[in-house]
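Reading through the structure tokens given below for one structure.
The values are calculated or read from the model by the stated rules, or taken from the named source; none is laboratory data. Small disclaimer: the values here were computed from a predicted structure and weren't measured. Here the Cβ is made from the backbone with ideal geometry for all residues, glycine too, and neighbour counts use every protein chain on show. With ligands, DNA and RNA removed, areas are computed over all heavy atoms of the protein, side chains included. Shrake-Rupley method; radii C 1.70, N 1.55, O 1.52, S 1.80 Å.
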Amino acid sequence: MAAQTSILQITYSDELLNGEEIHVSSNCLPVKASCFEPAGHSFHEMALKLCGCFMYEKKNVEDNDESFQKDKEQEFMQSSDSYSSSKGKKKSGDEANQQDHYALLGLGNLRYLATDDQIRKSYRETALKHHPDKQAALLLLEDSEAAKQSKKDEIENRFKSIQEAYEVLIDPVKRRIFDSTDEFDDEIPTDCGPQDFFKVFGPAFLRNGRWSITQPTPLLGDENTPLNNVDLFYDFWYGFKSWREFPHADEYDLEEAESRDEKRWMERQNAKLSEKARKEEYARIRSLVDNAYKRDPRLLKRKEMLKAEKQKKKEAKFMAKKLQEEEAARVAEEERLKKEEAEKQAAETAAHQKKIKEKEKKLLRKERTRLRTISTNVVTQHLLNLNYDDVENLCMSLDILKLKNLCDDLETQEECVQAELLKKALNNLDPSEKDYVLNYSQQNGTVKVNGNVNKPKKEKPWGKEESELLRKGILKYPKGTARRWEVISEYIGTHRQVDEILKATKTVLLQKPEPTKAFDSFLEKRKHPQSIPSPLTTQEENKIEMVKISANCIQKTDEVVDNGVNLDQDEWSVVQVTALIQALKTFPKEANQRWDRVAAAVPGKTVNQCKKQFSLLKDKFRTKKK
């Protein structure tokens, strides 16, 4: 009681008792007391509470401690707000009941960026602060024993949670599992404007880069980033490998394995459970990269440049091809014009040469005529045994100049001198020129033998058999056959010469038969059949009936003649009936001038008689058939 009185004397001053405003100051720090008695601020708060002068709102000591701890934690690394967001949070099945290990250790601002040294340091400070022995003073604030026990259990549970948090965060495997289930924004940007591309997709790549096995991850960059770095950035993200774990509610606890084989079996089962979630994670990352690749203004710009360059090359190639075609067309046109010009010049040259030759031939004929005229008197008088063949020999042997000089010399001389000049000119001829004259005479059909001219032999006319053999031989031995015309001559077998055969191919084979003799030739070539089939049917019975009908007709005509009736015009013999039937078969209804041809084929009968006989035969055939 004395101690309590001393406390009251120290605490309750006149200002406090009179209800006046008081100012309290203390030089003690807010640390936990080592004994159960209140001291410092706690002592004054307890004294005011017992006095009842001021009713402070009950404040939780833990909140004060946490606020103090937050102020203390500002000395660590910068905040990780840029790496996390409040949108699209994903939690595991029991994450609602799961404690925040980083918050317990005072690393809520660092989270997965916290290092092992920071975790150890923060754990030592938090464990020292929240140790049950340090929190014993809080039990004095509780009135009842149940409240004190509840507060004690709360303090112990908090300390155990701190220890558990340290065990999880200091173990790399457990920490990786905890970080995988930590709060994270899985949202993927789908669309944005070109001007907002880097603002939208930059934080998304930076946020998802935390899961990469390879650290540090390349940055998205900006519009001025070189294209090589941009390609490396997308190559990295298209080959992205994540360390993120996906624990399942039905997973096996590896610590409960009794042997190594059972542990491996548990690992395989856990891998199967998390495989689906892993595939979804890779699909999500791939979707992020694809969306960014499609909308990256740097790649779009390069694509447009490549497209423009490709189009430019295509146009250049097209223009080069067009120029090449135009050049080829121009060269072809020049060659065509040159060829036409050369052909034109050749034609003009040939025409000019032809005119010159024709002119020379004309002059040559003129000089030859002149020589023949001049030498007419000499030849008629047989001076020096000169004849027309000698003059022709000179005409065919001498050229224009010699003929002109010879004619000029002959015109001014007398007949005797002319004969001598002609004889002299004949003697001066070369033997080759004489042979040429002899060959020319043979070609024209005249040959001089002992001073006499033999007329050409008269050709033997070609008969029908020879003409047919010649036609067959030409078809049998076509062009290209060796010694064709000699072979055809042997095939004919009438000792015809090659010249005669060549001439016959141009004359005899090209002759057309006269229209008046066409039918005669047909009758000659006609093959008479053994039997006469009916023109109405091809059955054997019809043939027999037709023969019987024709026989009956002949018999009736004979009877009428025997009775003294003259039926010469209606009389039909067996030969005539047979000829009529054969002609009707030969000339069908569609033939032109059918009945004229039929009447011509039946000897001694007119068109009307043939028609009448045909009607009679047809009626008798139908009557017999019924």
Residue in segment 81-88 that is open to solvent by less than 60 Å² (accessible area, probe 1.4 Å) and modelled with pLDDT of 85 or more present: no
Lone unmet requirement of (1) assigned to a helix (DSSP H, G or I); (2) open to solvent by less than 90 Å² (accessible area, probe 1.4 Å); (3) modelled with pLDDT under 85; (4) out of contact with any Leu (no Cβ under 8 Å at 6 or more places or on another chain) for residue 405: (3)
Enumeration of residues in segment 193-206 that are farther than 17 Å from residue 234 by Cβ and surrounded by fewer than 16 Cβ atoms within 10 Å (Cβ to Cβ): 193, 194, 195, 196, 199
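In segment 142-162, which residue that is polar (S, T, N, Q) and at pLDDT 90 or above is surrounded by the fewest Cβ atoms within 10 Å (Cβ to Cβ)?
Step one: of segment 142-162, the residues polar (S, T, N, Q) are 144, 149-150, 157, 161.
Still in the list and also at pLDDT 90 or above: 157, 161.
Details: 157: 10, 161: 16.
Within segment 142-162, the match that is surrounded by the fewest Cβ atoms within 10 Å (Cβ to Cβ) is 157.
Any residue that is open to solvent by 30 Å² or more (accessible area, probe 1.4 Å), among the charged types (D, E, K, R) and not in a loop (DSSP other than H, G, I, E, B) - is there at least one of those in segment 126-141? Before the answer, list the steps.
Of the residues in segment 126-141, the ones open to solvent by 30 Å² or more (accessible area, probe 1.4 Å) are 128-129, 131-134, 137, 139-141.
Those left that are additionally among the charged types (D, E, K, R): 129, 133-134.
Next, only the ones that are not in a loop (DSSP other than H, G, I, E, B) stay: 129.
The answer is yes; a qualifying residue exists.
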Residue within segment 370-377 that is small (Gly, Ala, Ser) and either in contact with a Ser or Thr (Cβ under 7 Å, 6 or more places away or on another chain) or outside any helix (DSSP H, G or I) (or both) present: yes
Boolean, residue 284 is closer than 23 Å to residue 197 by Cβ, out of contact with any Ser or Thr (no Cβ under 7 Å at 6 or more places or on another chain) and assigned to a helix (DSSP H, G or I): yes
Positions within segment 222-241 being open to solvent by 80 Å² or more (accessible area, probe 1.4 Å) and among the hydrophobic types (A, V, I, L, M, F, W, C), in sequence order: 232
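Any chance segment 231-248 includes a residue that's under 21 Å from residue 109 (Cα atoms), out of contact with any Gly (no Cβ under 8 Å at 6 or more places or on another chain) and charged (D, E, K, R)? Reasoning before the result, please.
Of the residues in segment 231-248, the ones under 21 Å from residue 109 (Cα atoms) are 244.
From what is left, the residues that are out of contact with any Gly (no Cβ under 8 Å at 6 or more places or on another chain) are 244.
Then keep just the ones that are charged (D, E, K, R); that gives 244.
Yes, that holds for at least one residue.
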Residue match in segment 289-298 (condition: under 30 Å from residue 174 (Cα atoms), modelled with pLDDT of 90 or more, open to solvent by less than 100 Å² (accessible area, probe 1.4 Å) and in contact with a helix residue (DSSP H, G or I) (Cβ under 8 Å, 6 or more places away or on another chain)): yes
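Yes/no matrix, rows are residues, columns are (1) of a type in the set (S, T, N, Q); (2) open to solvent by less than 60 Å² (accessible area, probe 1.4 Å); (3) outside the structural domain of residue 231 (by the TED database); (4) over 29 Å from residue 198 (Cβ atoms):
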| site | (1), (2), (3), (4) |
| --- | --- |
| 307 | no, no, yes, no |
| 313 | no, no, yes, yes |
| 322 | no, no, yes, yes |
| 326 | no, no, yes, yes |
| 333 | no, no, yes, yes |
| 336 | no, no, yes, yes |
| 339 | no, no, yes, yes |
| 342 | no, yes, yes, yes |
